[in-house]
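Engineer: Okay, handing you the structure first.
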2 protein chains.
Amino acid sequence: MTDTSAMDLRTSRRGFLGTATAAAATISAMSLSGCSETAKRPFAKNSHGLIANGDTVLLQGDSITDAGRNREREGTPNDPAMLGGGYAHFIAARLLAERADANLKIYNRGISGHKVFQLAERWDKDCIALKPNLVSILIGVNDIWHKLDGHYDGTVEVYEKDYRALLARTKKELPGVKLVVCEPFVLRTGAVTEKWFPEFDTYRTAAKKVATETDALFVPFQSMFDEAVKKAPPAHWAGDGVHPTMAGACLMAETWLAAVSGAKA
Amino acid sequence: MTDTSAMDLRTSRRGFLGTATAAAATISAMSLSGCSETAKRPFAKNSHGLIANGDTVLLQGDSITDAGRNREREGTPNDPAMLGGGYAHFIAARLLAERADANLKIYNRGISGHKVFQLAERWDKDCIALKPNLVSILIGVNDIWHKLDGHYDGTVEVYEKDYRALLARTKKELPGVKLVVCEPFVLRTGAVTEKWFPEFDTYRTAAKKVATETDALFVPFQSMFDEAVKKAPPAHWAGDGVHPTMAGACLMAETWLAAVSGAKA
């Protein structure tokens with residue numbers, strides 16, 4: 001479960017992840033200690049990384065992204081209710097505070113229970129139509145969870161194939177789009193039992209593979225949580241092993257922001 | 001309105017704010033740019049500052065602190081619904097993520113509409129009984145707002161006297177308690193018109209005065225927002241000039257954390 005190394009923040013063939021190794025250092029430094037200067041600063045360096053001024057940022061995925069967002073507000077970028085109560089909310093709050101003058105538009109379109117093929121079904125409305133400059137996707141836990149529960153007959157091969165097609169379609173329909181593929185993760189508590197393994201790891205590997213093929217930035221959330229459980233029990237980060245607590249969501253946001261800020265467009 | 005300098009994070013007579021000048025540097029650096037190392041780290045330095053492992057932290061105040069918190073959960077520390085949707089929520093999320101192993105207990109007991117005398121009325125239940133190690137208070141905007149609206153006949157002298165008594169009582173009943181006095185602030189938009197000034201500034205001055213007298217850490221939120229409006233219009237930070245937006249609340253939390261982490265117990 002810990003074989004995803006910090007170097008998952010690999011160097012892109014296209015080169016837009018030229019400083020990904022710096023971001024990788026972030027993740028490997030997840031002892032959560034760090035720069036002695038930092039405590040004197042309310043905010044991290046205003047590095048733009050993958051997000052340029054004026055960009056539209058779309059966060060996509062399942063319940064972890066959804067986090068109770070208000071569907072009725074989904075057309076209003078930056079609206080707190082639209083953003084839900086998870087990592088998307090923390091990412092948006094920091095971006096809008098730190099880069100208040102950047103005219104960013106941030107959307108959350110995660111939907112609880114979704115698997116990768118369901119993202120594809122609603123991609124025209126919930127991605128392409130928004131014309132995002134950056135699309136971040138966290139998907140995969142339901143592809144295996146619903147299978148383990150007997151409610152789905154997909155395989156990791158289907159997941160990988162569907163995910164690859166979704167990313168290719170996104171790049172084709174949104175030329176120049178910046179892609180972020182977030183690693184699916186679980187914590188060994190709650191709903192997550194030994195029967196999830198080693199199969200779950202194959203989904204993580206598949207996500208990493210399609211990210212590499214697509215020149216997407218890969219954010220290694222599993223490695224992050226594997227480090228985090230050295231500090232506090234799994235339930236501190238995700239009560240049921242799948243859905244992050246407030247602390248888990250905050251940690252995800254900080255890691256995502258560090259990775260995205262460290263990557264160069 | 002901008003006469004509160006960064007040096008409001010003064011050196012305490014008692015000395016527990018020995019590194020307050022570092023925190024002051026934070027605030028004066030509110031251009032939101034900073035340490036080049038920071039972007040590589042998901043979290044600020046794990047400086048404990050005023051908050052020790054095992055501490056109970058209480059955030060007190062009016063609607064800005066309240067921010068829609070769930071009263072039914074108020075007995076459950078660290079509960080996201082109990083924390084509301086404002087700066088208390090952002091402070092708690094970061095503390096619980098960054099210091100996951102510190103066994104912190106964080107409470108929000110702000111109540112919308114309250115003035116300083118109303119804090120005093122409920123202080124036994126909503127402060128002393130919790131036995132907090134650190135008490136942070138943000139109070140004052142209603143003391144003047146309700147007066148301007150004709151619903152209250154208090155004066156800045158009453159505010160200062162009541163605030164001084166509240167802090168003295170807190171120190172007496174909770175020996176060793178660490179106190180944080182947050183500067184009342186407004187932004188010149190929405191409900192905040194010219195008729196608020198210069199009277200509003202006298203409330204800020206009074207808060208600073210009682211903080212100094214009580215050896216409390218003073219967090220200069222007005223200075224922070226005065227800098228922030230150079231980056232984005234007042235409504236970006238507080239739609240009605242009083243209640244912070246998500247971006248405003250996030251900025252407050254980061255500034256509070258930087259100040260509290262920079263101060264030494």
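Engineer: For segment B:193-215, indicate whether the set of residues that are under 28 Å from A:Asp101 (Cα atoms), in a helix (DSSP H, G or I) and at the interface with another protein chain (Cβ under 10 Å from one of its Cβ atoms) is non-empty.
Structural biologist: Scanning segment B:193-215 turns up no residue that is under 28 Å from A:Asp101 (Cα atoms), in a helix (DSSP H, G or I) and at the interface with another protein chain (Cβ under 10 Å from one of its Cβ atoms).
Engineer: Something else: Suppose the filter is within 21 Å of B:Asn142 (Cβ to Cβ) and in contact with a strand residue (DSSP E or B) (Cβ under 6 Å, 6 or more places away or on another chain); does B:Ala235 pass it?
Structural biologist: When the stated conditions are applied, B:Ala235 does not pass them.
Engineer: List the number of the failed condition for A:Ala92; all other conditions in (1) surrounded by fewer than 24 Cβ atoms within 10 Å (Cβ to Cβ); (2) among the small types (Gly, Ala, Ser); (3) modelled with pLDDT of 95 or more hold.
Structural biologist: Checking A:Ala92 against (1) surrounded by fewer than 24 Cβ atoms within 10 Å (Cβ to Cβ); (2) among the small types (Gly, Ala, Ser); (3) modelled with pLDDT of 95 or more, the one that fails is (1).
Engineer: Considering only residues that are among the small types (Gly, Ala, Ser) and over 19 Å from the mean Cα position of the chain (by Cα), look in segment A:124-158 and name the one that is surrounded by the fewest Cβ atoms within 10 Å (Cβ to Cβ).
Structural biologist: Ranking the qualifying residues of segment A:124-158, first place goes to A:Gly150.
Engineer: While we're looking at this one, here's another question. State whether one or more residues within segment B:240-260 are under 16 Å from the mean Cα position of the chain (by Cα) and more than 11 Å from chain A (Cβ to nearest Cβ).
Structural biologist: yes
Engineer: Between a residue in segment A:174-189 that is without any contact (Cβ under 8 Å) to a residue 60 or more places away in the chain and at positive phi and any residue that is in a loop (DSSP other than H, G, I, E, B) and surrounded by fewer than 24 Cβ atoms within 10 Å (Cβ to Cβ), which pairs come within a Cβ distance under 6 Å, given they are 6 or more apart or on different chains?
Structural biologist: Here the result reads none, with nothing in segment A:174-189 linked to a residue that is in a loop (DSSP other than H, G, I, E, B) and surrounded by fewer than 24 Cβ atoms within 10 Å (Cβ to Cβ).
Engineer: Something else about it: Within segment B:59-79, take every residue that is among the basic types (Lys, Arg) and surrounded by fewer than 18 Cβ atoms within 10 Å (Cβ to Cβ) and give me the one that is nearest to the chain's Cα centre (by Cα). Talk me through it step by step, then tell me what you get.
Structural biologist: Our first condition is that a residue be among the basic types (Lys, Arg); within segment B:59-79, this holds for B:69, B:71, B:73.
Filter once more, so that each one left must be surrounded by fewer than 18 Cβ atoms within 10 Å (Cβ to Cβ): B:71, B:73.
Numbers: B:Arg71: 20, B:Arg73: 22 Å.
Top of the filtered list is B:Arg71.
Engineer: Taking B:Ala97 and the conditions (1) touching a Leu at 6+ places or on another chain (Cβ under 8 Å); (2) more than 24 Å from A:Met252 (Cβ to Cβ), which numbered condition does it fall short on, given that it satisfies the others?
Structural biologist: (2) is the only condition that B:Ala97 fails.
Engineer: Restricting to segment B:216-228, what's the tally of residues that are of a type outside the set (A, V, I, L, M, F, W, C) and outside any helix (DSSP H, G or I)? I'd like the intermediate steps shown before the answer.
Structural biologist: Pass one, segment B:216-228, residues of a type outside the set (A, V, I, L, M, F, W, C): B:220, B:222-223, B:226-227.
Retained after the next criterion (residues that are outside any helix (DSSP H, G or I)): B:220.
Qualifying residue count, segment B:216-228: 1.
Engineer: Using the structure shown, decide if B:Phe221 is touching a strand residue (DSSP E or B) at 6+ places or on another chain (Cβ under 7 Å), farther than 22 Å from B:Cys127 by Cα, buried (at least 21 other Cβ atoms within 10 Å of the Cβ) and of a type outside the set (Lys, Arg).
Structural biologist: Answer is yes for this residue.
Engineer: Let me ask something additional. When you go through A:Ala44, A:Ala29, A:Ala25 one by one, which is the residue that is under 24 Å from A:Thr214 (Cβ atoms), at pLDDT below 95 and at the interface with chain B (Cβ under 8 Å from one of its Cβ atoms)?
Structural biologist: Details: A:Ala44 fails: under 24 Å from A:Thr214 (Cβ atoms); A:Ala29 fails: under 24 Å from A:Thr214 (Cβ atoms).
Matching residue, one of A:Ala44, A:Ala29, A:Ala25: A:Ala25.
Engineer: If I ask for residues that are more than 10 Å from chain B (Cβ to nearest Cβ), in a loop (DSSP other than H, G, I, E, B) and on the phi < 0 side of the Ramachandran plot, which ones from segment A:98-139 would you list?
Structural biologist: Once the filter is applied, which keeps residues that are more than 10 Å from chain B (Cβ to nearest Cβ), in a loop (DSSP other than H, G, I, E, B) and on the phi < 0 side of the Ramachandran plot, segment A:98-139 yields A:Leu104, A:Arg109, A:Gly110, A:Ile111, A:Ser112, A:His114, A:Lys115, A:Arg122, A:Cys127, A:Pro132, A:Asn133, A:Ile139.
Engineer: A further question on this structure: Can you tell me which residue within segment B:53-97, out of those that are closer than 30 Å to B:His146 by Cα, assigned to a loop (DSSP other than H, G, I, E, B) and touching a residue at least 24 places away in the same chain (Cβ under 8 Å), is farthest from the other protein chains (Cβ to nearest Cβ)?
Structural biologist: Going through the qualifying residues, I end up with B:Asp62.
The values are calculated or read from the model by the stated rules, or taken from the named source; none is laboratory data. Nothing here was measured: the structure is a model prediction, and the numbers come from that model. Cβ sites come from the backbone with ideal geometry, for glycine too, and all protein chains shown count toward neighbours.
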